[in-house]
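Step one of this worksheet: look at the structure below.
The values are calculated or read from the model by the stated rules, or taken from the named source; none is laboratory data. Because the structure is predicted, anything quoted here is derived from the model rather than measured. Cβ placement follows ideal geometry from the backbone for every residue including glycine, while neighbour counts extend to all protein chains displayed. Ligands, DNA and RNA are stripped out before the accessible areas are found, and what is left, the full protein with its side chains, is counted by its heavy atoms. Shrake-Rupley method; radii C 1.70, N 1.55, O 1.52, S 1.80 Å.
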Amino acid sequence: MLYTLFLDVSFIYMGSDLHNLIIVESPSKAKTLKRFLGDGYQIEASVGHIRDLPKNELGVDVENGFKPTYVVSQDKTKVITQLKKLIKNAEILYLATDPDREGEAIAWHLLELLKPKIPVKRLAFHEITKTAIQESFNHTRDIDQALVSAQEARRILDRLWGYQVSEKLWYNVKGGLSAGRVQSPAVKIIVDREKERTRFTEAEYWSITAEFVANGEIFEAGLREFDSQKIAIGKDFNKDTGALIKEDVIALDKSRAEELATQFVSAQWKVARVEQKPATQNPYAPFITSTLQQEGIRKLHMSSQQVMRNAQKLYEEGFITYMRTDSVSLSQEAIIGSRNAIESLFGKEYLPDKPRIYKSKVKNAQEAHEAIRPAGAVFKSPDEIKGQVDTAEYKLYNMIWKRTLASQMKSAKLQKTAVDITDGKSRFTANGKVIEFPGFLKVYVEDIDDPKKDRDDKESLIPSMTAGQTLIGKSFEPNQHFTKPAPRYTEASLVQELEALGIGRPSTYAAIMGNIQKRGYVRKVGGALIPTFTAYAVVQFLERYFKDLVNLQFTADLEDTLDAISRNEMKSEDFLDHFYNGKNGAPGLHSLLESEFDKERSRTILDLKNDSGKDISVKIGRYGVYLQDGETNTTLSEESIPSELNFAAAEKVLKKKAEGPKELCNHPKSKEPVLLKDGRFGPYVQCGDKMKSLLPGMTLAEVTPEIALNLIELPKDLGKHPESGDVVKSDIGRYGPYIRCGKTTRSVTAPDSIFDLTLNRAVEILATEKSKSGTRVIKELGIDPKTQMAIEIKDGRYGAYVTDGKINATLPKTTPSDDVTLDIAVQLIADKKARGPAKKRSFKKQR
């Protein structure tokens with residue numbers, strides 16, 4: 001008999017062994033789909049891409065139409081075997097991979113590998129809800145070959161660029177370096193900003209802030225003009241020279257500011273002008289991938305990758321729409337859902353007469369066609385999903401939910417007031433802002449990076465005044481200021497910049513943020529992205545020999561061309577041929593790769609000069625970045641900040657090396673000197689041929705002759721174990737102080753000291769049960785609300801880490817264990833889980 005399944009969409013004969021097979025990317029997405037589809041569908045996950053270009057060779061035939069060679073990933077052979085087995089008993093194969101270019105490519109690769117002899121249909125949905133899935137079954141389609149071609153062209157382009165140019169970096173600059181189509185321009189943007197900061201010349205200027213009294217109320221105003229000349233502020237100075245840009249502006253110094261402040265006390269003040277203007281502030285558009293990352297970084301203090309990881313989980317669990325999109329539009333269903341929620345929660349006064357329609361400014365068409373919003377026609381409130389997701393997912397959903405509602409609410413109504421106050425010669429100005437009706441600001445306010453700017457919901461109140469009104473000048477305070485260099489990029493502002501320039505696409509931003517840090521081109525300090533000298537070396541090499549590859553406009557134009565391929569407006573083979581072989585006399589990548597490369601020049605990052613013309617070079621070599629002055633050289637710390645390194649600082653580093661090691665004392669037995677040194681791998685003491693690292697966390701300044709002698713004495717025999725008869729030794733190893741007896745080892749941690757350890761105490765420590773990795777609990781943080789597992793901070797041989805008993809996640813070096821909260825720990829564990837187990841890497845020389 002025929003049995004109706006899933007909303008009358010498809011039918012199968014239950015008496016047979018046949019089934020409908022659906023393939024998605026992830027197990028969690030499969031699990032969510034099963035809730036809606038029931039037992040009539042076998043749902044399996046490919047677990048991401050199933051094949052790719054080979055890892056250890058180019059994998060692209062540049063002589064034969066750029067034909068790629070694909071190989072099945074080693075960890076996907078069992079998946080493919082299982083899928084082929086299931087297809088034998090399937091009636092229809094549905095490919096339900098993600099609705100973007102990558103998803104389309106995965107579907108195509110599955111089709112190419114599985115070679116099914118049954119009907120194949122493509123399912124595409126932007127949210128995992130009952131209605132959306134039904135719609136996808138009602139509108140199945142074939143695989144979009146234009147999207148597949150665009151993805152393949154992008155992948156081949158990235159391989160030609162990354163594989164071949166990286167090889168030139170290895171041979172001419174330093175091994176292990178890499179270039180990338182989006183990665184390298186992103187690094188250049190950060191390096192260019194750091195160079196701008198290096199050129200910056202600080203300028204001093206002063207301002208005067210006054211307190212006036214009007215109608216018994218005190219308010220502040222700033223001096224804007226004196227004797228018909230404007231008072232200079234930071235933006236009036238040239239950042240490179242420190243000089244004023246305009247001639248009609250005066251910069252107050254300390255003496256002039258103090259002189260004027262004294263004069264103003266006895267002056268007669270009155271209101272010269274009162275200007276009131278009503279203002280309207282419209283809501284922000286719903287989230288797209290880039291704005292979601294920016295706000296997630298600012299508001300939730302996540303990284304780009306953390307934002308996207310949590311968004312992926314929310315999508316796969318059926319709570320939000322697809323998270324890789326650059327469309328700001330909302331479906332009619334979403335608009336109705338938003339308006340219903342607004343009226344229910346905030347009342348009709350917050351609901352505009354007509355729905356707000358947002359239009360995307362982005363011209364590419366490869367991404368999903370709707371903004372990121374809560375899934376379904378009736379939005380679940382954050383409280384409704386709280387027990388079903390972890391803390392990080394909840395916070396992200398809450399932000400998406402608020403932003404979506406705010407985008408459909410009434411505008412905020414503001415009243416802005418400007419008041420000019422004068423004594424006939426000087427002009428002070430006070431500005432006020434009052435929010436008369438909050439509108440969307442009641443629900444959502446964007447965060448900002450610039451501490452000098454106010455949030456949109458910040459009010460500034462001043463008393464009501466009229467022109468001609470006399471005021472009392474209560475006080476006049478001179479204030480010293482210094483101009484500031486351009487701020488370093490944060491992950492949020494870099495994503496914003498890349499988007500504005502048209503470089504990269506929503507699906508690439510998070511990976512780029514991770515790659516440039518993981519590869520050692522950028523350090524994140526307090527949220528700021530600081531380039532390393534290695535980044536300088538890479539950018540300099542690319543600018544010299546592969547200029548277009550780091551030309552921001554060229555990179556943006558490449559994105560447009562790839563988008564044209566996805567719209568079937570251009571053939572991928574023609575595009576790749578122009579890129580690789582050149583066009584209209586312009587050189588292609590192939591000819592650039594054949595250039596003559598100057599190794600010595602490529603390895604010199606910059607020359608630091610003093611006033612007399614002497615220079616010290618910053619270079620990069622096999623073991624990293626170093627300083628060179630004639631025949632003298634010394635390693636430069638990886639944490640050196642390029643914009644802060646000048647000739648004097650470099651000379652100081654070289655002098656420190658020239659001074660040689662510090663002699664602490666002579667060994668009482670051998671009479672040899674005990675030296676304190678600072679090497680590539682950190683500080684250590686040396687006596688003759690014997691060297692010992694300092695205790696973990698110990699600085700050079702803390703090392704006394706007594707400590708040095710204690711270190712040199714290690715390893716130390718404490719005596720024989722009373723039971724086994726084996727010698728018990730104390731020592732310092734890679735992971736800190738420890739004791740050994742035969743094959744048994746135990747870490748020695750506070751309050752025990754490795755120097756004062758007795759045999760009896762060592763025997764007691766050896767008798768204790770060895771916990772996993774020899775760890776101890778530093779702090780108990782509480783229970784994970786989602787998994788109900790206890791979360792702890794432990795001290796292991798690699799340092800502090802958080803654990804739920806199953807998954808361990810190392811704490812970042814910049815995060816003290818005292819600062820780690822339960823939420824931070826849960827997020828770290830979730831990130832580690834998402835990355836999966838660490839894989840052993842083998843390195844092969846590329847030819």
Inset, instruction - Using the Kirkwood radius over Cα pairs, work out the Stokes-Einstein diffusion coefficient for the range 137-176 at 25 °C and 0.890 mPa s, in µm²/s as a whole number. - result: 194 µm²/s
Inset, instruction - Determine the principal axes of the Cα atoms in the chain, then give the extent along each, sorted from largest to smallest and rounded to whole angstroms. - result: 100, 91, 67
Inset, instruction - Name the residues whose placed amide hydrogens come within less than 5 Å of the amide hydrogen of Ser475, ignoring near sequence neighbours (fewer than 5 apart) on the same chain. - result: Glu211
Inset, instruction - Against the globular-protein guess of 2.2 N^0.38 Å, express the Cα radius of gyration of the range 560-623 as a ratio, rounded to two decimals. - result: 1.92
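Please grab the % of Cα pairs in the range 201-332 that end up more than 24 Å from each other. Before the final figure, lay out each step's value.
Values: 5267 of 8646 pairs.
Roughly 61 percent, rounded to a whole number.
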Legend entry - For peptides 472-483, 617-628, sequence by mean Cβ density within 10 Å, most packed first: 617-628, 472-483
Legend entry - Ellipsoid equivalent to the range 178-220 - semi-axes via the Cα gyration tensor, in Å: 48, 17, 4
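Enumerate by residue number the trypsin sites (Lys or Arg not before Pro) in the range 208-311 meeting two conditions: DSSP loop (anything except H, G, I, E, B), and at most 13 other Cβ atoms within 10 Å of the site's Cβ. If you can, show how the numbers build up before the last one.
On the way: sites: Arg224, Lys230, Lys235, Lys239, Lys246, Lys254, Arg256, Lys270, Arg273, Arg298, Lys299, Arg309; in loops: Lys239, Lys246.
Within the range 208-311, the qualifying trypsin sites (Lys or Arg not before Pro) (loop, at most 13 other Cβ atoms within 10 Å) are Lys246.
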Inset, instruction - Please report, to two decimal places, log10 I(q)/I(0) for the range 197-258 at q = 0.12 Å⁻¹ as given by the Debye formula with identical point scatterers on the Cα atoms and no solvent. - result: -0.39
Legend entry - Column: log10 I(q)/I(0), Debye, Cα scatterers of the range 84-185, q = 0.19 Å⁻¹: -0.93
Inset, instruction - Please provide three numbers in whole Å: the alpha-carbon extents of the range 122-241 along the principal axes, with the largest listed first. - result: 74, 56, 24
Legend entry - the chain - accessible surface per residue (Å², probe 1.4 Å): 52 Å²
Legend entry - Under 15 Å from Lys55, Cα to Cα: aspartates and glutamates that are on another chain or at least 8 residues apart: Asp75, Asp158, Glu167
Legend entry - Rotationally averaged projected area of the range 143-212 (alpha carbon convex hull; nm²): 11.4 nm²
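What fraction of the Cα pairs in the range 534-664, stated in percent, has a spacing above 26 angstrom?
The answer is 45 percent, as a whole percent.
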Inset, instruction - Return the carbon/sulfur percentage of the accessible area of the chain, one whole number, probe 1.4 Å, all protein chains in place. - result: 48 percent
Legend entry - Under 15 Å from Lys657, Cα to Cα: aspartates and glutamates that are on another chain or at least 8 residues apart: Asp629, Glu631, Asp678
Legend entry - Average Cα contact separation per residue, the range 389-437, under 8 Å, 6 or more apart, as relative contact order %: 32 percent
Inset, instruction - Rounded to the nearest 500, what is the 222 nm mean residue ellipticity of the chain from helices alone, with -39500 (n - 2.57) per DSSP H run of 4+ residues and division by all residues? - result: -10000 deg cm²/dmol
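For the chain, what is the charge dipole size about the Cα centre, in debye to the nearest 20, if Lys and Arg each add +1 at the Cβ and Asp and Glu each add -1 at the Cβ?
2000 debye
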Inset, instruction - On each of the three principal axes of the Cα atoms of the range 393-541, give max minus min coordinate, whole Å, ordered largest first. - result: 64, 42, 26
Inset, instruction - For a quick protection proxy, order the peptides 369-376, 173-180 by their average other-Cβ count within 10 Å, most packed first. - result: 369-376, 173-180
Inset, instruction - Which order do the peptides 102-114, 686-698 take when ranked by the mean count of other beta-carbon atoms within 10 Å per residue, highest first? - result: 102-114, 686-698
Legend entry - Spacing of the two label points (7 Å from each Cα toward its C-beta) at Lys416 and Arg455, in nm: 2.0 nm
Inset, instruction - May I ask you to derive the relative contact order of the chain, considering only C-alpha pairs under 8 Å and at least 6 residues apart, and to give it as an integer percent? - result: 11 percent
Inset, instruction - Tell me the label-point distance for the pair Asp227, Lys359, using the 7 Å Cα-to-Cβ offset, in nm and rounded to one decimal. - result: 5.4 nm
Inset, instruction - Kindly flag which residue pairs out of Lys524/Lys547; Lys348/Lys395; Lys671/Lys716; Lys619/Lys656; Lys380/Lys832; Lys416/Lys484 have an alpha-carbon separation exceeding 24 Å in this structure. - result: Lys524/Lys547; Lys348/Lys395; Lys380/Lys832; Lys416/Lys484
Inset, instruction - May I ask you to give the average projected area over all directions of the convex hull of the Cα atoms of the range 10-134, in nm² rounded to one decimal? - result: 8.7 nm²
Legend entry - For q = 0.12, 0.13, 0.21, 0.26 Å⁻¹, Debye-computed log10 I/I(0) when each Cα of the range 636-730 counts as one equal scatterer: -0.53, -0.59, -1.07, -1.30
